[in-house]
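Undergrad: Please find one structure pasted underneath; my questions will follow.
Taken together, the values in this text are just the output of simple stated rules run on the coordinates, not laboratory data. Quick caveat: nothing in here was measured; it's all calculated off a predicted structure. Positions of Cβ are generated from backbone atoms using ideal geometry, with glycine treated the same way; all protein chains shown enter the neighbour counts.
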Amino acid sequence: MAEFQDLVKIMEKLRSPGGCPWDREQTHSSLREYLLEETCEVLEKIDEDDREGLKEELGDLLLQIVFHAQIAKENGDFTIHDVIDAICEKLIRRHPHVFGNEKAKTPEDVSVKWHQIKEKEGKVGSESILQGVPRTLPSLHRCYKLTKRAARVGFDWERVEQIFDKLSEEKEELLAAIEEGDRERIEDEVGDLLFVTANIARFLGVNPELALAKTNRKFEERFNYIEKNLNKNGESLEEASLERMEELWRRAKEEEEKRK
């Protein structure tokens, strides 16, 4: 069975003068899109509960890490061993309740301790408590992370009903912008509406990114049901009426309920 070092050696060969021309010309920047793609594919297999697919996609993601480490080694920056050393040291340092004498009985205790350790490391709050939330995160997930940080210091609603009041306020402002026909203001108000909706999810202990991903999959499955049934009956999407599609949508929901 192959070992981790075998993968490292394969990548060294691919990047060598006698290796692969495509691999040899890659940089950290040129690989950025592939790292993102492979991460998304891993998440998709987790969502689908596809264990065999997850195994394959984790391998593709691991390849990206080894690829970046090899480029860094060639540039004289660091090696894959430095990467491993750094994460091992960090895990031990941030788990004193496992590798030291401190106590943490609940996940909440661990979260508090983790944050305290990051503060000591200078990883959090040196300029802002919001510092360190990557701007490259999907916007919905970044909203969740930003407001979760702010809530940690008390900048939050007391009751979920207050957020619904804010949602109603934002809805009215969006309707006013639509009536005015101001495209820039409409975009701003749509953003505000989404932001408040994400806060409702966070306040209720739901990650809005995961919730929306689940709804997207549900929509896709139901719409696929519509397409398949129309096709089976010799009908086309373009010719089907809205009423016909809504009928099939309801049937898709009913079949979902039966499978639960």
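Undergrad: With an 8 Å cut-off on Cα pairs and a minimum separation of 6 or more residues, tell me the relative contact order of the stretch 4-92 in percent.
TA: About 26 percent, as a whole number.
Undergrad: Starting from the stretch 1-106, pick out the GluC sites (Glu not before Pro) whose DSSP state is loop and whose Cβ has at most 16 other Cβ atoms within 10 Å.
TA: Those that pass, being in a loop and sparsely packed, are E3, E25, E48, E102.
Undergrad: Quick one: check the C-alpha center-to-center distance for the stretch 62-85 versus the stretch 198-234, whole angstrom.
TA: Rounded to whole Å, the Cα centres lie 38 Å apart.
Undergrad: Once you charge only the Cβ atoms, +1 for Lys and Arg and -1 for Asp and Glu, what is the size of the charge dipole of the stretch 167-260 about its Cα centre, to the nearest 20 debye?
TA: So the dipole magnitude of the stretch 167-260 works out to roughly 1040 debye.
Undergrad: Among I92, L230, C40, pick out the residue whose Cα is farthest towards the positive end of the charge dipole of the chain, where Lys and Arg carry +1 and Asp and Glu carry -1 on C-beta, about the Cα centre.
TA: I92
Undergrad: Show me, bin by bin at 10 Å from 0, the whole-percent P(r) of the chain based on Cα pairs.
TA: 5, 16, 23, 26, 18, 10, 1
Undergrad: When only alpha-carbon atoms count, how far does the stretch 191-251 stretch along each of its three principal axes, as whole angstroms with the largest first?
TA: Principal-axis extents of the Cα atoms in the stretch 191-251, largest first: 47, 19, 15 Å.
Undergrad: Sort largest first and round to whole Å: the equivalent ellipsoid semi-axes of the stretch 4-92, each the square root of five times a Cα gyration tensor eigenvalue. It would help to have the intermediate numbers written out before the result.
TA: Details: eigenvalues 110, 62, 29 Å².
Working from the Cα gyration tensor, I get semi-axes of 23, 18, 12 Å.
Undergrad: For the chain, find the longest principal axis of its Cα atoms and tell me its angle to the long axis of helix 183-203, 0 to 90°, nearest 10.
TA: 70
Undergrad: How about K55: which aspartates and glutamates have a C-alpha closer than 14 Å to its C-alpha, ignoring those fewer than 8 places off in the same chain?
TA: E38, E41, E44, D47
Undergrad: Still on this structure, please answer the following. Placing unit charges on C-beta atoms (Lys and Arg positive, Asp and Glu negative, everything else neutral), compute the dipole magnitude of the chain about its Cα centre in debye, rounded to 20.
TA: 1360
Undergrad: Which one of V110, L137, G154 has its Cα pushed farthest toward the positive end of the charge dipole of the stretch 102-161, where Lys and Arg give +1 and Asp and Glu give -1 at the Cβ?
TA: L137
Undergrad: Out of the GluC sites (Glu not before Pro) in the stretch 126-209, which ones are loop residues according to DSSP with at most 11 other C-beta atoms within 10 Å?
TA: E127, E158
Undergrad: Let me ask something else about it. Counting Lys +1, Arg +1, Asp -1, Glu -1, what net charge surrounds P138 among other residues with beta carbon under 12 Å of its beta carbon?
TA: +2
Undergrad: For the stretch 1-98, which chymotrypsin sites (Phe, Trp or Tyr not before Pro) are both in a DSSP coil and crowded by at most 14 other Cβ atoms within 10 Å?
TA: Counting only loop positions with at most 14 other Cβ atoms within 10 Å, the chymotrypsin sites (Phe, Trp or Tyr not before Pro) in the stretch 1-98 are F78.
Undergrad: So which of K145/K171; K118/K148; K45/K214; K148/K171; K214/K253 end up more than 19 Å apart by C-alpha?
TA: K145/K171; K148/K171
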